[in-house]
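In what follows, a single structure is set out as structure tokens and then discussed.
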Amino acid sequence: MNSLLNAARPPVLCPGCTHERITHSLDQAFQNMGLAGHQIVIVSDIGCSGLFDTFFHTHAMHGLHGRALTYAAGLKMARPEINVIVTMGDGGQGIGGAHLLAACRRNLDLTLLILNNFNFGMTGGQFSATTPPEAQLGSGFLSALERPLDICKVARCAGAPYVRRCSGFQKNLAEQIQDAIEYEGFALMDIWGICPGRYTKKNRLTPKMIDDALAKLPTMDGVVSENVRPEYGQHYRQLAAAQKKVSAPAVIEPQFTAPQTGRQEVILLGSAGQRVITAGELLCIAGLTAGMKTTQKNEYNITVLRGPSISELILSPQEINYTGIETPNVVVALDQEGVDRRRGLFERMTPKALIIQISGVNVPTSKARIHHVDLRALGVKRPDWALASLAVLAKLQQIITPQMLEAALKIRFKSNALDASLKLVKQVTTGKAA
Amino acid sequence: MAYSLLEGNEAIARGAVAAGCRFFAGYPITPATTIYHNMLNLLPPLGGICLQGEDEIASIGFCLGASMAGMKVMTATSGPGISLYSENLSFAIGSEIPIVIVDVQRLGPSTGSATRGADGDINFLRWGSSGGLPVIVLAPVDVQDCFTLTLQAFNLAEEFRCPVFLASNKEIGMTRESIDLQKVATPGIVERSAAPSNQPLLPFGVDPGQQVPNFLPIGNKVLVRQTSSTHGADGYITTDSAAIARNQERLENKLLSAINRFSFHEHYSIKHTDTLLIAYGVSARAAKAVFKAQKRRGKPISLLVLKTLWPVPENVIQQAARDARRIVVVEMNLGQYIREIKRILPQKQVDFCGQMDGRLITPARITEAVDHE
Ligand code: SF4
């Protein structure tokens with residue numbers, strides 16, 4: 001097989017830079033595997049390691065510092081058949097730390113070569129996540145303050161199934177790279193090297209010293225047996241294939257006539273846990289069964305099970321523009337929190353308007369008629385209050401009819417939930433406690 | 001006439017799928033999360049891919065990779081996520097990677113209020129990238145726009161090879177609304193134009209008169225180079241200032257010169273009216289209510305609803321404003337797009353009606369602004 005090196009663009013690295021050896025070893029690995037350029041994409045980021053994509057006749061994607069793993073993930077998911085090789089330096093590893101951890105956890109079939117030379121070469125030798133504290137670098141005393149990261153240990157803890165630490169001067173580097181590429185899963189190589197352009201200007205580092213340092217560390221030589229598991233892409237496709245197709249949105253045929261003809265505005269003032277939003281949706285669906293246009297605008301706090309929950313519902317034969325409600329036809333006072341959030345509303349209510357006041361909730365004075373309902377006495381539990389209030393509206397022939405509500409429940413709910421909701425509505429409309 | 005009940009976010013997800021989007025990556029954030037949920041339900045059964053990134057940077061990064069592999073891609077977030085998209089946004093602009101980005105805006109600044117709406121990112125979407133080159137921003141008004149503008153967004157992203165934003169709002173994305181899906185007019189589907197697959201590719205090469213380079217995906221026989229660095233037609237770093245200048249101009253002109261083709265808007269014009277109301281997004285709904293009410297009151301005004309915000313549809317604005325003495329601009333922020341209106345219409349009186357407190361601008365408030373100069 002021929003070399004995939006780009007003869008027109010020979011490496012432009014400082015003399016003695018380990019990156020050059022790695023370039024040739026990577027090329028050798030490609031040759032050993034018999035790969036053609038189009039079967040490979042080299043994804044790189046910023047820094048001297050970011051030049052790698054230009055050295056080869058392969059597909060290439062060169063992007064922002066530390067983000068190479070993210071582009072690689074998109075490429076690999078979209079084109080599972082290509083070999084995705086990611087190169088980054090210790091700098092890219094540091095800034096893209098979250099992506100490295102996620103790649104280890106995800107186990108997508110990518111090969112990550114970290115060209116670890118203990119400093120930022122291109123920008124002038126600042127300290128990186130792997131700089132030893134005693135190093136003399138462009139970032140002055142700051143590099144003495146931080147502890148270097150053991151990339152391999154971290155990768156192992158994060159779940160990488162293949163982790164190898166080695167020297168860029170190693171004789172069998174090409175075979176080791178090939179082994180990593182051939183591994184079906186996320187394979188990380190932490191390749192230690194020398195940066196004569198920056199690092200060794202003030203710090204002594206030789207291939208021998210790298211070997212000695214590596215010898216003192218626990219070996220990381222490829223497959224991490226406790227992390228071996230299905231490859232993400234294959235696993236994804238397997239689980240995805242089992243997902244059920246989602247049907248098109250339900251089309252609701254008009255079959256009833258709404259009890260009031262014009263535009264109707266309803267506000268449900270409740271609190272989290274009362275299923276106010278679901279009740280609002282049901283009211284809208286009920287409106288659709290009468291051929292009305294509807295909107296549902298909701299307001300709630302970001303806290304899930306606390307705070308007010310408000311739903312503003314408009315049903316209208318005409319186009320609905322503004323979705324807020326200034327002078328409602330009906331206010332359902334389900335909970336004090338909701339009422340207090342919208343106190344200003346009540347003084348605008350007209351004598352024709354209606355308030356459904358659930359016992360225990362105080363409402364500000366207004367001109368509106370008030371209809372009291374004691375849901376506790378009816379044995380209705382709090383999470384059902386909003387739905388129960390729709391049953392009250394239906395019974396009063398306000399906004400919706402019992403038929404519209406029943407049809408809405410049948411559209412929105414299935415099996416047990418449907419039975420329970422129909423039962424609840426009956427309980428409220430007949431006024432019989434369960 | 002039979003309606004379905006959809007929230008804006010679901011309509012965006014369904015529009016994306018209808019446009020041929022088969023790759024979505026996102027990170028949970030209110031009020032955009034339900035787009036992700038919908039895509040997660042919709043895509044896998046279709047053989048598509050839906051991923052949750054470790055953060056927003058990863059989400060958009062996944063999308064850029066998949067787009068370069070030839071897929072139609074979308075991501076969705078809100079203001080805090082748009083901030084994190086910025087570096088990759090510049091990448092997509094400068095390196096011509098098609099992507100649709102939904103910003104379901106929430107009240108800012110910063111983490112702001114997750115469940116309150118605003119249109120506070122309108123200028124940020126345009127200017128929040130390094131280099132200052134243009135992007136396309138479309139602004140839906142209702143659930144129907146969420147569907148159709150998403151289709152348009154994909155078409156534009158494919159045709160112009162650029163990021164296209166949908167500037168939605170909590171008050172559109174999380175509001176449910178009736179929609180007659182049968183009646184929704186959908187545009188034809190556009191695909192990025194392919195380069196010949198039997199000869200080497202100049203990934204950023206354009207023929208004379210051509211403004212958008214042809215595309216081939218990473219992974220096919222012909223080698224493709226993509227780079228975030230300043231590049232020549234061959235996709236390698238260049239220092240040729242003439243080539244650089246030509247490329248930058250092309251990146252700007254490919255959008256600016258075509259804006260008349262995608263200046264989506266609605267213009268409700270009444271002859272001899274003194275005032276033109278200009279609105280976009282959810283506030284356009286209140287503006288339309290005011291337009292109707294003023295007509296009933298015998299004090300008619302005209303209304304221009306902008307659905308393409310960037311590049312600025314200058315012709316549409318100039319024509320709509322031609323006979324008006326006074327313009328009132330309605331925005332759910334402290335006055336962002338009004339700067340463009342003032343720039344385009346220096347001879348007109350341009351007044352502002354805005355608010356940024358998490359509440360919708362009411363028709364009453366707009367009426368007051370219209371009535372009182
Ligand atoms: S600066 Fe360092 S890493 Fe960069 S090319 Fe020179 S020696 Fe290699």
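The values are calculated or read from the model by the stated rules, or taken from the named source; none is laboratory data. Nothing here was measured: the structure is a model prediction, and the numbers come from that model. When we count neighbours, we look across all protein chains shown, and the Cβ atoms used for this are built from the backbone with ideal geometry, even at glycine. When the accessible area is computed, the model is the full protein with side chains, heavy atoms only, and any ligands, DNA or RNA have been set aside. Shrake-Rupley method; radii C 1.70, N 1.55, O 1.52, S 1.80 Å.
List of remarks:
- Using Cβ point charges alone (K and R +1, D and E -1), the dipole size of region A:18-239 about the Cα centre works out to roughly 460 debye.
- Along principal axes, Cα extents of the protein assembly as shown, largest first, whole Å: 92, 67, 54
- Trypsin sites (Lys or Arg not before Pro) lying in DSSP loop within region A:1-103, provided at most 12 other Cβ fall within 10 Å: none
- Options A:ALA187, A:PRO10, A:GLY360, ranked by Cα towards positive dipole end of chain A, top entry (Cβ charges): A:GLY360
- Neighbourhood charge, 9 Å Cβ-Cβ cut-off, centred on A:ARG67 and excluding it, Lys, Arg +1 and Asp, Glu -1: -2
- For the chain pair B and A, the buried solvent-accessible surface (1.4 Å probe, both sides summed) amounts to about 5700 Å².
- Helix content alone sets the calculated 222 nm mean residue ellipticity of chain B: runs of n ≥ 4 DSSP H residues at -39500 (n - 2.57) each, divided across all residues, give -11000 deg cm²/dmol.
- Under 21 Å of direct C-alpha separation, and excluding same-chain neighbours fewer than eight residues apart, A:LYS244 reaches these lysines: A:LYS414.
- Burial ranking of peptide ranges A:98-106, B:238-246, A:226-234, B:73-81 (average Cβ count within 10 Å, highest at the top): B:73-81, A:98-106, A:226-234, B:238-246
- 5 angstrom amide H check on A:ASN83, placed H, neighbours 5+ away: A:ILE40, A:VAL41
- Cα long-axis angle, helix A:402-412 against chain A (0 to 90 degrees, to the nearest 10): 10
- Partners for B:LYS292 among aspartates and glutamates (Cα-Cα distance below 12 Å; same-chain residues under 8 apart left out): A:GLU319
- Max mean-square fluctuation residue, GNM over chain B, Cα-Cα springs under 10 Å, options B:LEU303, B:LEU166, B:LEU345: B:LEU345
- Residues of region B:1-32 that bury at least 20 Å² of accessible area once all protein chains are present, compared with their chain alone (1.4 Å probe, heavy atoms only, ligands and nucleic acids left out), are B:MET1, B:ALA2, B:TYR3, B:SER4, B:LEU5, B:ARG14.
- Neighbouring partner chain Cβ atoms per residue of B:63-76, average, 10 Å criterion: 5
- Reachable aspartates and glutamates, given that their alpha-carbon falls under 20 Å from the alpha-carbon of B:LYS271 and they are not under 8 places away in the same chain: B:ASP323, B:ASP371
- Of all DSSP beta bridges in chain B, antiparallel share, percent nearest 5: 25
- Distance from the Cα centroid of region A:204-269 to that of region A:401-434 is 37 Å (rounded to whole angstrom).
- Accessible surface of region A:121-207, 1.4 Å probe, proportion on carbon and sulfur as whole %: 54
- Each Lys and Arg adds +1 at its Cβ and each Asp and Glu adds -1 at its Cβ; summed about the Cα centre, region B:1-154 shows a dipole of about 200 debye.
- Using the Cβ of A:ASN6 as centre and a radius below 11 Å, the other residues enclosed give a net charge of 0, where K and R count +1 and D and E count -1.
- Distance violations [Cα-Cα > 19 Å] among A:LYS297/B:LYS295; B:LYS295/B:LYS348; A:LYS76/B:LYS254; A:LYS381/B:LYS170; A:LYS395/A:LYS432; A:LYS76/B:LYS72: A:LYS297/B:LYS295; B:LYS295/B:LYS348; A:LYS76/B:LYS254; A:LYS381/B:LYS170
- Residue by residue, region A:175-191 carries 3J(HN,Hα) couplings of 5, 5, 5, 4, 4, 5, 5, 6, 5, 8, x, 6, 10, 10, 10, 9, 9 Hz when phi is fed to the Karplus relation 6.51 cos²θ - 1.76 cosθ + 1.60 (θ = phi - 60°); x denotes Gly or Pro.
- GNM top mover of A:THR303, A:THR294, A:THR401 - chain A, alpha-carbon springs below 10 Å: A:THR303
- Accessible surface computed residue by residue for the protein assembly as shown, with neighbouring protein chains in place and a 1.4 Å probe, gives 39 Å² per residue.
- Taking amide hydrogens as placed 1.01 Å from N in the peptide plane, the amide H of B:ALA69 sits under 5 Å from those of B:ILE218, each at least 5 positions away in sequence or on another chain.
- Each peptide in B:89-96, A:136-143 receives the mean, over its residues, of other Cβ atoms within 10 Å, and ordering these scores from highest gives B:89-96, A:136-143.
- Note on A:155-164: average number of Cβ atoms from other chains within 10 Å of each residue's Cβ is 0.
- Taking region B:1-262 and dividing mean pair separation by its residue count, relative contact order in percent (alpha carbons under 8 Å, at least six apart): 20
- Beta bridges per DSSP with both ends in region B:264-371, % antiparallel, nearest 5: 20
- Residue-count net charge about A:ASP109 - beta-carbon cut-off 13 Å; Lys, Arg +1, Asp, Glu -1: +1
- Three principal axis extents describe the C-alpha atoms of region B:1-262; from largest down they are 54, 38, 37 Å.
- Mean-position separation - Cα centroids, region A:357-390 and region B:25-89, in angstrom: 43
- Note, ³J(HN,Hα) from phi for region B:310-317, Karplus 6.51, -1.76, 1.60, rounded to Hz, x at Gly and Pro: 9, x, 5, x, 4, 4, 4, 5
- Whole-percent carbon and sulfur share, accessible surface of region B:226-363, 1.4 Å: 48
- Other protein chain C-beta atoms within 10 Å of residue C-beta, averaged over B:45-54: 5.
- Positions from region B:231-264 whose accessible area shrinks by 50 Å² or more when the full protein complex is built, not the chain alone, probe 1.4 Å: B:TYR236
- C-alpha center-to-center spacing [region A:271-288, region B:297-312] in angstrom: 33
- Ellipticity at 222 nm from helices only: DSSP H runs of n ≥ 4 in chain A, each -39500 (n - 2.57), divided by the residue count, give -10000 deg cm²/dmol.
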